[in-house]
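Undergrad: Let me begin by handing over the structure; questions about it come next.
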Amino acid sequence: MTAKIDLFAAAPSLMKKWQRSSIELSAAASLEHSLTELVKLRGSQINGCANCINLHASEARENGETEQRIYLLPAWREAPCYSDRERAALGWTEALTRLSEDTGRAGAYEELKAHFTEEEQIKLTLTINIINAWNRIAVGFGLYADPAAVKAARVATTC
């Protein structure tokens with residue numbers, strides 16, 4: 001896949017600010033790293049974002065996530081390898097990523113409240129919003145980057 005435009009060449013200041021802001025928000029909203037990567041990966045699967053699926057599967061593996069849990073993520077409701085807290089986060093991820101479908105958002109929120117503090121609910125919701133925004137940018141503009149290149153760009157941005 002070839003990108004339709006080079007986002008950082010077309011709007012360098014704006015894209016650098018967006019990248020820096022999303023990195024800072026992600027860091028501030030951090031929950032358990034494994035949970036965060038599962039949420040980013042599941043949102044990206046729903047949105048059909050190959051770039052972000054590849055990136056977050058790679059990051060999940062680097063942080064000790066098992067192949068089994070990565071492969072079973074689309075069927076997390078039936079798979080016994082996710083905790084109740086992870087299930088609540090994945091349900092909330094699906095509810096917010098599929099807003100127009102309104103499939104069980106009230107129930108997803110009840111599960112969220114049972115497993116997350118109010119501050120954690122906000123952190124998780126911000127994480128879901130950030131990955132959904134990146135999915136839309138990547139899918140919309142046909143982006144596909146090597147995870148190592150993305151990681152290097154993050155390091156350069158935070159320095």
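Undergrad: For the list (1) free of Cβ contacts under 8 Å to residues at least 12 places away in the same chain; (2) of a type in the set (Ser, Thr, Tyr); (3) not in a helix (DSSP H, G or I), I need the number of the one condition that TYR71 fails.
TA: (3)
Undergrad: Among what's in the range 90-104 and is surrounded by 11 or more Cβ atoms within 10 Å (Cβ to Cβ) and of a type in the set (D, E, K, R), pick the residue that is nearest to the chain's Cα centre (by Cα).
TA: Filtering first and then ranking leaves GLU94.
To keep it simple, each residue is scored yes or no on (1) in contact (Cβ under 8 Å) with a residue 60 or more places away in the chain; (2) acidic (Asp, Glu); (3) in contact with a Ser or Thr (Cβ under 7 Å, 6 or more places away or on another chain); (4) farther than 21 Å from PRO147 by Cα.
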| residue | (1), (2), (3), (4) |
| --- | --- |
| ILE23 | yes, no, yes, no |
| GLU32 | no, yes, no, no |
| GLY48 | yes, no, no, no |
| ILE53 | no, no, yes, no |
| GLU78 | no, yes, no, yes |
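Undergrad: Looking at the range 60-68, is at least one residue open to solvent by less than 40 Å² (accessible area, probe 1.4 Å), of a type outside the set (Ser, Thr, Tyr) and part of a helix (DSSP H, G or I)?
TA: There is at least one residue in the range 60-68 that is open to solvent by less than 40 Å² (accessible area, probe 1.4 Å), of a type outside the set (Ser, Thr, Tyr) and part of a helix (DSSP H, G or I).
Undergrad: Looking only at the range 146-155, decide whether some residue is at pLDDT 95 or above, open to solvent by 20 Å² or more (accessible area, probe 1.4 Å) and either touching a Leu at 6+ places or on another chain (Cβ under 6 Å) or closer than 29 Å to THR2 by Cβ (or both).
TA: Within the range 146-155, not a single residue is at pLDDT 95 or above, open to solvent by 20 Å² or more (accessible area, probe 1.4 Å) and either touching a Leu at 6+ places or on another chain (Cβ under 6 Å) or closer than 29 Å to THR2 by Cβ (or both).
Undergrad: Taking only the range 32-59 into account, find how many residues are open to solvent by 30 Å² or more (accessible area, probe 1.4 Å) and outside any helix (DSSP H, G or I).
TA: Final tally of qualifying residues: 2.
Undergrad: Do we have CYS81 as surrounded by 15 or more Cβ atoms within 10 Å (Cβ to Cβ), in contact with a helix residue (DSSP H, G or I) (Cβ under 7 Å, 6 or more places away or on another chain) and of a type in the set (A, V, I, L, M, F, W, C) here?
TA: no
The values are calculated or read from the model by the stated rules, or taken from the named source; none is laboratory data. This is a predicted model, so every value here is computed, not measured. For neighbour counting, all protein chains shown are included, and Cβ atoms are generated from backbone atoms with ideal geometry for every residue, glycine included. Keep in mind that these areas ignore ligands, DNA and RNA; they rest on the heavy atoms of the full protein, side chains included. Shrake-Rupley method; radii C 1.70, N 1.55, O 1.52, S 1.80 Å.
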